[in-house]
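Colleague: So that we are looking at the same thing, I have put the structure below in structure tokens.
Values quoted throughout were computed directly from the atomic coordinates according to the rules given, and no laboratory measurement underlies them. Computed from a predicted model, the values in this text were never measured in an experiment. Heads up, the Cβs are rebuilt from the backbone with ideal geometry, glycines too, and the neighbour counts pull from every protein chain shown.
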Amino acid sequence: MILSDKQILEEMNKGTILVEPYRPECLGSNSYDVHLGRTLALYNDEILDARKHNTVTPFDIPEDGYVLLPDKFYLGVTEEYTETHAHVPFLEGKSSVGRLGIDIHATAGKGDVGFCNFWTLEISVKQPVRVYAGMPIGQLIYFAVQGDVQTRYGTKKSAKYNERKNVPVESMMWKNHF
């Protein structure tokens with residue numbers, strides 16, 4: 001079950017959902033709009049290695065925007081910090097963003113109960129497109145969880161994205177044992 005706008009507000013009042021900054025005009029009938037933060041990042045190496053710590057170079061989006069290119073893979077970040085203590089958050093692109101040929105995540109659209117952080121975006125484009133810090137970029141949809149949650153994301157020993165950062169965070173795949 002997807003939460004409605006009234007249910008999202010009820011959960012915010014209970015403290016089980018937090019969005020900072022909260023803007024009432026961003027609350028849709030069953031979602032909350034999030035915005036592109038001011039920082040993007042590019043990986044430093046052309047070839048990424050899943051067993052290696054692949055580092056990134058972050059940079060700020062200029063006032064007049066930044067042109068994303070199809071042959072590059074960008075990490076972005078949401079302007080909003082979120083906490084979700086009793087629901088499963090899903091981050092989806094807005095249709096207007098998709099119609100510009102922008103994908104905001106490769107595979108990581110689902111958060112876990114207990115995820116508390118900014119969202120790192122996995123951005124790719126179909127053709128060159130200029131983006132701006134603060135532009136609407138996606139929407140959070142909240143699903144109810146059936147049953148009790150044994151281990152929330154923030155308490156999992158294997159959780160790799162707990163450190164609160166308002167910049168894009170590179171893959172931590174290298175921390176897995178394989």
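Colleague: When you count, for each residue, the other Cβ atoms within 10 Å and take the mean per peptide, how do 157-164, 168-175 rank with the highest first?
Modeller: Packing proxy ranking, top to bottom: 168-175, 157-164.
Colleague: My understanding is that a pair violates if its Cα-Cα distance is over 30 Å; which of 94/157; 6/72; 72/160 do that in this structure?
Modeller: As for pairs spanning more than 30 Å Cα to Cα, those are 94/157; 6/72.
Colleague: Relative contact order (percent) for the chain, with alpha-carbon contacts under 8 angstrom and 6 or more residues of separation?
Modeller: 30 percent
Colleague: Report the local net charge at residue 55: Lys and Arg +1, Asp and Glu -1, summed over other residues whose C-beta lies under 11 Å from its C-beta.
Modeller: Local net charge: -1.
Colleague: If Lys and Arg each add +1 and Asp and Glu each add -1, what is the summed charge of the other residues whose beta carbon sits under 13 Å from the beta carbon of residue 3?
Modeller: Once positives and negatives cancel, what remains is -1.
Colleague: Once phi is turned into ³J(HN,Hα) by the Karplus curve 6.51 cos²θ - 1.76 cosθ + 1.60 with θ = phi - 60°, what whole-Hz value does each residue of segment 134-145 show in order, with x for glycine and proline?
Modeller: Each residue of segment 134-145 in turn: x, 6, x, 10, x, 9, 9, 10, 10, 9, 6, 9 Hz.
Colleague: Just to confirm a number: summing +1 for Lys and Arg and -1 for Asp and Glu over residues other than residue 143 whose beta-carbon lies under 13 angstrom from that of residue 143, what do you get?
Modeller: Its environment carries a net charge of -2.
Colleague: Based solely on its DSSP helices, what 222 nm [θ] is calculated for the chain when runs of n ≥ 4 H residues each add -39,500 (n - 2.57) and the sum is averaged over all residues, nearest 500 deg cm²/dmol?
Modeller: For the chain, the value works out to -2000 deg cm²/dmol.
Colleague: Report, ordered by chain and residue number, the aspartates and glutamates lying within cross-link reach of residue 52, taken as a straight Cα distance under 19 Å and ignoring same-chain residues fewer than 8 apart.
Modeller: Correct list for residue 52: 122, 170.
Colleague: Separation between the residue 107 and residue 45 pseudo-spin-labels, each 7 Å from Cα along Cα→Cβ, expressed in nm?
Modeller: So the two model labels end up 1.8 nm from each other.
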